[in-house]
Structures are given as structure tokens and as C-alpha cells.
Ligand code: UD1
């Protein structure tokens, strides 16, 4: 397992290009199961999670090849309808194959994902929605066994707004008989892109981008191409890095609308931002002001940016409260930030972050993607050397993060090894 060695203290200056969105890609790839043919997904990020999804689709008979940032999927030879535990345990987004498989092939066997590093993450909403659409579902031997003749349109009201359950339901409903109404649907940009992709495949969907989505089922869909939207979480992470380290950084290939919650909070914290149609420039010269955030569904502050914001607030001039109202126990990064000298206390689903004048380098590690990102950020401003172990978590969701940070002037290197 590789580690990163960071010597903190350098300001960041220059331009960085943001990759395609991981969470959009992980929804677009399984959508290809809904039709036979050749799909091209442009601007696909080269990430471990994308490789994991490609490997899963290959077990079903899909030919998947990533060349540069173009992913080609050929779905002409699908023969297997199973998502084995070996894949699902690596990546919960594997659950996205459930809806397409049941809708097109009338059968699916998908491992239950179980918990994740920071706590339970149920899939009950996915299962209930498919049952409502007429699938027969059994849960046994750690698997979801689903069968259906043809799914039938229905009304689905989600008690909780869920990105994954909205995506799965839209994909299933696209091939159902009749109309499906999805209420309290997720409006995250990745779900909007999935809906638009389905439409380009021949689906009939209205209310896209709202929390009331109507899907009129069709008999057949066809292959299509798509340009994946930029990753708003990668972009947010680089914005926070620049705010932490000081200097002037321009992000290219971004959609600033998708970053609004983060850029507004950064301005409150004392950063200057110049926002253009597809780029954002950030600079900071004064100290960081404390700013509370509450992670919430889109367009609220993203839960996937909560850990990075905590790293920023750990060196602010005062106390900030970082609350997560989506995942109540997503605070595994806090004990590690404390090892770097941060002063943070967790109370229920909130971290009370008392800014300190300096962090100091140490060995740290984390068990999930965004927590690891927050440790990199803290390492960039800590005095001395910080070693972030188990960087494979970062490789799941950030393409070449150390190379991008180095071009901005950070002192960070990847050290290959076995025992980290
Ligand atoms: C997606 C993102 C993840 C992000 C999360 C919230 C992908 C691949 N992952 O995850 O990075 O952190 O959105 O923005 O896109 N819930 C249930 N039952 C369910 C499903 C969800 O109770 O069946 C709850 C969850 O526990 C959570 C809330 O709904 O409290 C939102 O989760 P959800 O939007 O489903 O997250 P994911 O799609 O798993």
C-alpha cells in the first residue's frame, strides 16, 4: 500500500484541471446495462472506483475499455446478472446494477453492501422502490435476489432523499410499462446527468433536476455517448487546499453552479473568488475566519466536503461548528486531525473545531476517501513532515491528486510500499 509524504507550508499557485465526476461516472456506467450497443463516456476519470465498476460490468459480459479519459462500453454480450460480494464490498455504488438488470433482464442477484467505514449505509429505499415497481425480492445468503416479468410504473415517495435510490429507480422505471412518479427525488447534479443520459438513450423523463421526476417507460433503449460533468467534490477539495495554503489557484473544467455552497462558505471564510463560466480562481492573503457549515442534500453543503472543511477550520481564527445532517457518524478523520494538533470535539453529529495557530506533521491514516483527503489538506499546512498512510482510499476518488498538488507547488510525494 502506498503512502504520501507531505512537507507542509508551501503556498499553492497555478492552474489545475478538474477531472470528470466519480459519482456521475458510477451511475452512467451501469445505465449502459439498459441497452445493447457501444457507449462512449468522455471525460471519465481514471480512478479505482471506475476500475471496480468496469470489472463488475465485465463479469456480466460487458466489454469495458478506458483509453485516456474515454471509456468505451460494449453491452452486446451480457450473459450474467450477478454482482458478487467480492466487487460490492469494495464499492457500494455497485448497487446501481440492480435496477437496470431487473428492468432489462428480469433478474438480478446483487450482494448486500453491508456497512461502510463510517457506519451503516442501508439500501432499503432501493429495494422498496423496486418492489413497488413489481419486482419480487428475497434477501438471503447476503444477497438481494430480484425477479420480474416486466416492471410496472407506480408512484414512489422517498422518505429520505437518496442519490442512489433515485438513480436506481429512474433506471428501472425507464423500461417499465407505464408511468412512474418519483417524489422527493434527489436533485444532485450527478442524478440530473444520469437522467439526461437516459433521455439520450431514448428514455422519456420529465421533471429532471427537480425533486418530482416522472418516467414514462419505453419498450427499448439504445446506446448513446456522454460527456461526464466535472467532479464538484474534487474541485471543492482543491478550493479548500488553496484557501488553507494561501496563494492563487485557478480551477479549469468546472461548473461553478455546482460549487455554489462551497464557494459561498469560502468567501465567508475570507477567500477571494473570481467565478467564470467554466473556471474559478481563488486566493487568500488574510487569516481564515471560522465559518459553520451543515452538510445537507444538494444544493446544500456536500457531506463529501465535510471532512475537508473541518481541516480548513482547524487553523481558523476562532471556533466553527461542522455538522453533518446526512451521515450522523462520519467523523473518522477527527482523531487523526487531532494527532496533527487540531483541537476538535465531536458532539452528536457535529464537530466543534477550535482553530489553532499551527498543525504539526505526524503519521496519520484513514479508512475512507474524504477523510483521507482532509488529512492531505491538513498535511499541506502542518509544520514538518506528515505521512498519510493507506492512500488507496484517495485513489478511489481523486485522479493523480499528488501530481496535481505538485504542479501547484505542494511538496508531496507518493512512496510505494507494502507495510503502510
Ligand atoms: C451518494 C454518493 C456519496 C455521497 C452521498 C450523499 C455516489 C456513488 N455516492 O451515496 O458520495 O456521500 O450520495 O450525498 O454517488 N439511505 C437510506 N436508505 C437507502 C439509501 C439511503 O436510509 O436505501 C439514507 C442514507 O443512510 C443517508 C441518506 O439516505 O442518510 C442519503 O444517502 P444516499 O443519497 O443514498 O447516498 P448514496 O447514494 O449511497
Counted residues in the range 172-189 being away from the ligand (no atom under 13 Å from the Cβ) and buried (at least 20 other Cβ atoms within 10 Å of the Cβ) come to 7
What do you reckon, is residue 376 crowded, with 19+ Cβ neighbours inside 10 Å, in contact with a helix residue (DSSP H, G or I) (Cβ under 6 Å, 6 or more places away or on another chain) and modelled with pLDDT of 95 or more?
no
Of the conditions (1) surrounded by 23 or more Cβ atoms within 10 Å (Cβ to Cβ); (2) within 16 Å of the ligand (Cβ to nearest atom), residue 104 fails just one. Which one is it?
(2)
Within the range 138-171, residues being assigned to a loop (DSSP other than H, G, I, E, B) and either more than 14 Å from the ligand (Cβ to nearest atom) or under 17 Å from the mean Cα position of the chain (by Cα) (or both) number 10
For the range 38-85, what are the residues that are without any contact (Cβ under 8 Å) to a residue 24 or more places away in the chain and assigned to a helix (DSSP H, G or I)?
51, 58
Filtering the range 86-101 down to residues that are outside any loop (DSSP other than H, G, I, E, B), at pLDDT below 95 and away from the ligand (no atom under 11 Å from the Cβ) yields 86, 87, 88
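Yes/no per residue for (1) closer than 23 Å to residue 204 by Cα; (2) in contact (Cβ under 8 Å) with a residue 60 or more places away in the chain; (3) assigned by TED's automatic domain parsing to the domain that holds residue 97; (4) in contact with a strand residue (DSSP E or B) (Cβ under 6 Å, 6 or more places away or on another chain):
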| position | (1), (2), (3), (4) |
| --- | --- |
| 122 | no, no, yes, no |
| 129 | yes, no, yes, yes |
| 141 | no, no, yes, no |
| 147 | no, no, yes, yes |
| 155 | yes, no, yes, yes |
| 162 | yes, no, yes, no |
| 169 | yes, yes, yes, yes |
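Suppose we keep only residues that are in a helix (DSSP H, G or I) and in contact with a strand residue (DSSP E or B) (Cβ under 6 Å, 6 or more places away or on another chain) within the range 381-405. Which one would you say is surrounded by the fewest Cβ atoms within 10 Å (Cβ to Cβ)?
Initially, the range 381-405 is screened for residues in a helix (DSSP H, G or I), giving 381, 392-397, 401-405.
In the following step, the residues that additionally are in contact with a strand residue (DSSP E or B) (Cβ under 6 Å, 6 or more places away or on another chain) were identified as 402, 404-405.
Values: 402: 19, 404: 21, 405: 25.
Out of the qualifying residues, it is 402.
Just checking, which of 12, 56, 26 is more than 23 Å from residue 368 (Cα to Cα), surrounded by 18 or more Cβ atoms within 10 Å (Cβ to Cβ) and in contact with a helix residue (DSSP H, G or I) (Cβ under 6 Å, 6 or more places away or on another chain)? I'd like the intermediate steps shown before the answer.
Details: 56 fails: more than 23 Å from residue 368 (Cα to Cα); 26 fails: more than 23 Å from residue 368 (Cα to Cα).
Within the list 12, 56, 26, the selection yields 12.
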Find the residue count for the range 128-137, including only residues that are surrounded by fewer than 21 Cβ atoms within 10 Å (Cβ to Cβ) and either more than 9 Å from the ligand (Cβ to nearest atom) or under 17 Å from residue 94 (Cα atoms) (or both).
5
Quickly run through the range 3-37 and pick out the residues that are more than 16 Å from residue 72 (Cα to Cα) and part of a strand (DSSP E or B).
3, 4, 5, 6, 7, 14, 15, 16, 17
Within the range 321-367, can you find the residues that are in a strand (DSSP E or B) and surrounded by 17 or more Cβ atoms within 10 Å (Cβ to Cβ)?
322, 323, 324, 344, 350, 351, 353, 364, 365
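The values are calculated or read from the model by the stated rules, or taken from the named source; none is laboratory data. Quantities reported herein were computed from a predicted structural model and do not represent experimental measurements. Neighbour counts are summed over all protein chains in view; Cβ atoms, including those assigned to glycine, are modelled from backbone coordinates with ideal geometry.
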